[in-house]
Amino acid sequence: MKQFRICSFVLLAFVAFQSIANADHHKYHKVLISSSNSARVKKWELNGRDVTPDCPTNWSITKTTLHGGKQEGVEVITVKNGKLEFAVSPTRGMGVLYVTQGDVRLGWDSPVKEIVHPRHINLESRGGLGWLEGFNEWMCRCGLESNGGPGLDKFINNVGDEAEMQLTLHGKIANIPASEVEVIVDKKAPYRIRIRGRVDEKMFYGPKLELQTEISTVPGSNTFQIADELTNVGASEQEYEMLYHANYGKGLLEGGSTFEAAIKHIAPINATAAKAIGTYNVYKAPTLGFIEEVFLIHPYGDDHNRTTIMLQNKAKDRAVSMSWSLDEIPYLTVWKNTAAMKDGYVTGLEPGTNFPNHRSIERKFGRVPKLKGGEKVRMAIDFAIHVGGKEVQALSGDIKSIQGDRKTTVQKEPTKVD
Amino acid sequence: MKQFRICSFVLLAFVAFQSIANADHHKYHKVLISSSNSARVKKWELNGRDVTPDCPTNWSITKTTLHGGKQEGVEVITVKNGKLEFAVSPTRGMGVLYVTQGDVRLGWDSPVKEIVHPRHINLESRGGLGWLEGFNEWMCRCGLESNGGPGLDKFINNVGDEAEMQLTLHGKIANIPASEVEVIVDKKAPYRIRIRGRVDEKMFYGPKLELQTEISTVPGSNTFQIADELTNVGASEQEYEMLYHANYGKGLLEGGSTFEAAIKHIAPINATAAKAIGTYNVYKAPTLGFIEEVFLIHPYGDDHNRTTIMLQNKAKDRAVSMSWSLDEIPYLTVWKNTAAMKDGYVTGLEPGTNFPNHRSIERKFGRVPKLKGGEKVRMAIDFAIHVGGKEVQALSGDIKSIQGDRKTTVQKEPTKVD
Amino acid sequence: MKQFRICSFVLLAFVAFQSIANADHHKYHKVLISSSNSARVKKWELNGRDVTPDCPTNWSITKTTLHGGKQEGVEVITVKNGKLEFAVSPTRGMGVLYVTQGDVRLGWDSPVKEIVHPRHINLESRGGLGWLEGFNEWMCRCGLESNGGPGLDKFINNVGDEAEMQLTLHGKIANIPASEVEVIVDKKAPYRIRIRGRVDEKMFYGPKLELQTEISTVPGSNTFQIADELTNVGASEQEYEMLYHANYGKGLLEGGSTFEAAIKHIAPINATAAKAIGTYNVYKAPTLGFIEEVFLIHPYGDDHNRTTIMLQNKAKDRAVSMSWSLDEIPYLTVWKNTAAMKDGYVTGLEPGTNFPNHRSIERKFGRVPKLKGGEKVRMAIDFAIHVGGKEVQALSGDIKSIQGDRKTTVQKEPTKVD
């Protein structure tokens, strides 16, 4: 037995040395969760003063574990950059629970109040709508094998035959706990703070997708970035779908809020949305019995094929902007659900590799990309919170200049998909 | 960072002050679980002497967390009132595991021995019978969106269309962990002890039902009460179904045990039960291969529309009684399952807002009530344990006097439901 | 209250005394998990020197709990017998994660890297293939109510009617946490070390099967044994299926590895396997896009109806052998899945009470055994790791001598099952 212990000790010492040797001395690094090392930090706090004493803005990161009801054991990391604050849940696929800056909140009031542990979610329930029992994040990713509506789709099973499986609403990734989570902080200006988490959607005889997520911000700034890298770690080609389901409610959304984007083409997803296509960019006040309206958008990009969209309040003095490369994320879905407050008053602005139709439809229209064995793609979105009429107006100008004098095609009827 | 801490401190102090200011000084109050405050007490004990020193009967409450197999992490609260003892599991929707008083036990010997954590239950499995993998409580609630048999039913989905979903046996509520659990004890006579727990069956695009449960007892008494309040916290009208599935086995149930009630109308649920309608009130000894017999009863009420039922042993010197208002809970189901001991020898006496048919049948017969947005209903049942021939005979007299000379209609064949 | 405490104390003392009185002084005994006593040891270590000071070989047992991702809270017991090492996971039905001896490893590289907690497995997902999301053990049991492919099968439901349920791939047992786990070590030579765990597949209105598993080894040896006992603790007759899914990858499996057995009859399970029947005993190198080939074997036994099979590497100097009684386990399935390394390069040698066809097929062919109420069966397999050409050759000789001059019938086409 003793020799085992000694072996272990030597090994550990060696690993520790390697780790130090490899470490970038310009970066602070802390592992919070690691399934490869069977490690998990329950409670933890980091103060900017201790890591970046020269940084003029104080910042902090805390890691806690939630208790009670369906959220027992759920892990949350909260970042305060000195100006804005956000919270990420490793247990729920590195979803971002909320972002706040002063009186602006990115987020919404879902009827689901707890941060629900995936163990209490059965994606198959309610005809494949079980995902809705945990849905309350500001931003949750939808995918990776599929996203969009539930229903039967074909797949190749273990014996090489075509079989049928039930796709479930918006896929699995938001209900998979992250396997490796770390905090990285640049010790030099501008002292960027990064929360990274790897979420694996992997199985035998199925997809082998690793999603390396990152949300980062610079102390004192009103901006943050989500930058993900998706890798097919299997040997065979693999389809994927990714939708960034960013949801906004009270705080930015109100009767008279508007949405702006540089739009090449917009279409309603169904007959309900078709009736409302004329006012796609204006929001109603909370409306009892409102049925969701979904609009499918091909945005225009600038010279670098980047686009920017915004949601602004009625007074046009509070706004959020989202900017990304259309090379990485070509499509945008706008989901209007201006229902009664208690039923969930919310709009989703959802950049994606596809529209949230059933995967079989998206495949037919050529919007289900594939990754070869070992191949990876990057997807990143920049977010900013804009306060004050001038700032919001400037942002609106930026979007108009992307559009330029290019035409917007408004399709009045839903695309025939059968 | 510091200013955040100070803010938090001030806020906390303020909340604490409010809490004290609002507190009823005549009541002892302890929060055991609170998802809104991310709190959970793992292990805890309360002794009557410390809280109610003037109470002539000593009592105690303990809170523990179970270990091993499928019960790892399951929470249980045990109350001893000095005469009777009962245990409630917050993890299993505030179900009541057992009640004992001397040699009388309310409860049964299910083949399921562990108190199963909901994370190990897949309600959809076995064609919607997965609920049976955790079923061993004395009393578990069935509902809230639906109860009764599994099978496809219609619902309105997220796009406003009528869709089909699989209802699962007896619904979700028994497998949802309570979000807010507290102990309240009156410091003045009769020193009532209350265990309260709120269980939420809420989702986006679905029911938004909050069930505030309460089980209470007075130290030294042979009685206890379950008093629940169900609120539709959504904005839209919502159907619900609630069945109190109270189960009795060895201890009260034996060959020759009888069931008594004031019955206006009784019907068999199916052909199997129809054959046994003539002896609906008498129980068999454990019988290998026995197939369940279910009887559907419209009870008579007294002048205040309250009814009482009882189950007594063969010697008629041990009994349990259940009393409630038919305004709150109009129906009663008797489930006879006098199978072999090892397969589960048990009868369920089940007051409910409906019968445990599939919801589509109950809806057709007008037995699926609705709650408007914000509306609430109360449902309460009083239980007592009766020991000794005289006491049991008196109880039987009470039930007979509710019936009076009113007729019982015995329907010989099951109601046609198609 | 005090009297309760005293009662408890006396009771505990009595239990402790009983336990000592009953204890076999020739055996070391430690309970690690017990749901009947609500006990669980999180972390624990045992050193051979302390228990068997006279044993010439040092050995150790450790119990840990894993962290991170889907393996948070998973329990693992690791045994080092001085020569070989193996790990068992109580959380995953006492499955054996790996066995190693020097450079020989029993196990494989699944794309699933974490030891997945059953709470993250939905067996019903992907058309009943959810089991594949946790599949990475060296040996996992498949059963108990059923194993084999998914699909609808008949069963008798709670009202005594024939109903249909979805069988899921390979059943539930590998995803049920063990209820009672203990370590037993003989204090006398040869100092056998036993890890025992009881896994219950029990429900109301369904199977009531208790599986007492045991894996044991003698310090310093190159052998170990799995010895299980399956009991129907219900009162009614119950079907069961058991398959020991032992999986081998890199380490023993390579291009040119061969499988040897004494074979009476071998058949391909389907058309894909039929094409490869001529080389059923030789393995390919990792092959991108390889579709699984499954062969169904009736082995020959020796005079005591025991059989032995082996898998050896290309150089024929490393091998594993498996020996068992055909009275206990009559069938053998060979699963060849020599896919790309990253997709899972593996072969399964799977002794079973049945073949892994859908249960309805196995039932038709009389290969679904039943246990009467209270009845039990024993199933045991001996494993050995063989190093060096001579040892491997001797083993091959043993298998050939079981075959003797008896004929092998090779069925070229799959059996018609419709």
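Key figures
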| read-out | value |
| --- | --- |
| Compactness of the range A:27-410 as Cα Rg over 2.2 N^0.38 Å, two decimals | 0.96 |
| Exercise: per-residue mean of other protein chain Cβ atoms within 10 Å, B:69-76 | 6 |
| Surrounding net charge for B:A189, when Lys and Arg each add one and Asp and Glu each subtract one, Cβ distance under 14 Å | +2 |
| Straight-distance crosslink candidates among lysines, where the alpha carbon sits under 26 Å from C:K364 and sequence neighbours closer than 8 are dropped | C:K154, C:K172, C:K202, C:K208, C:K264, C:K275, C:K336, C:K372, C:K376, C:K412, C:K416 |
| GNM top mover of C:R198, C:R49, C:R92 - chain C, alpha-carbon springs below 10 Å | C:R49 |
| Helix-derived mean residue ellipticity, 222 nm - over chain C, DSSP H n ≥ 4, -39500 (n - 2.57), to 500 | -4000 deg cm²/dmol |
| Acute angle (nearest 10 degrees) that the helix A:2-22 long axis makes with the longest principal axis of chain A, alpha-carbon atoms | 50 |
| Of C:A394, C:A262, C:A87, the one that fluctuates the most in a GNM where chain C has Cα springs shorter than 10 Å | C:A394 |
| Three-way shape call for the protein assembly as shown based on the alpha-carbon gyration tensor, with the a/c threshold at 1.5 | rounded |
| Rounded if a/c under 1.5, otherwise prolate or oblate - the range C:307-405, Cα gyration tensor axes | oblate |
| Cα centroid separation - the range C:307-350 against the range B:258-309, whole Å | 58 |
| Neighbour-count order for C:M94, B:M165, fewest beta carbons within 10 angstrom listed first | B:M165, C:M94 |
| For the range C:352-391 versus the range C:130-175, the gap between their alpha-carbon centres in whole angstrom | 16 |
| Averaged over B:176-186, number of beta-carbon atoms from partner chains that fall within 10 Å | 2 |
| 0 to 90° range, to nearest 10: angle between helix C:389-403 axis and chain C longest Cα axis | 80 |
| Ranked packing of C:267-279, C:168-180, most packed first, by mean Cβ within 10 Å | C:168-180, C:267-279 |
| Position A:A394, label points 7 Å along Cα→Cβ, spacing to each other copy in nm (shortest first, one decimal) | 8.4, 8.4 |
| Rel. contact order, % - alpha carbon contacts under 8 angstrom, at least six apart, chain A | 15 |
| Peptide-level mean, for B:227-237, of C-beta atoms on other protein chains within 10 Å | 3 |
| Residues of the range C:232-248 with amide N under 19 Å of the 7 Å Cα→Cβ point at C:K154 | C:237-241 |
| Total formal charge among the other residues, if their Cβ is under 9 angstrom from that of A:L46, Lys/Arg +1 and Asp/Glu -1 | 0 |
| Equivalent ellipsoid semi-axes - Cα gyration tensor, the range A:352-404, angstrom | 34, 16, 11 |
| Residue among C:R194, C:R306, C:R105 with the largest mean-square fluctuation in a Gaussian network model of chain C, springs linking Cα atoms under 10 Å | C:R306 |
| Fewest-first ranking of B:M242, A:M341, using other Cβ atoms within 10 Å as the exposure measure | A:M341, B:M242 |
| Within-13-Å neighbourhood charge of C:L253 [Cβ basis; K, R +1; D, E -1] | +4 |
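Read-outs: derived from the displayed coordinates by stated rules, not from any lab. In this text the structure is predicted, and so the values were computed from the model without any measurement. Glycine also receives a Cβ, built like all others from the backbone with ideal geometry; neighbour counts cover every protein chain displayed.
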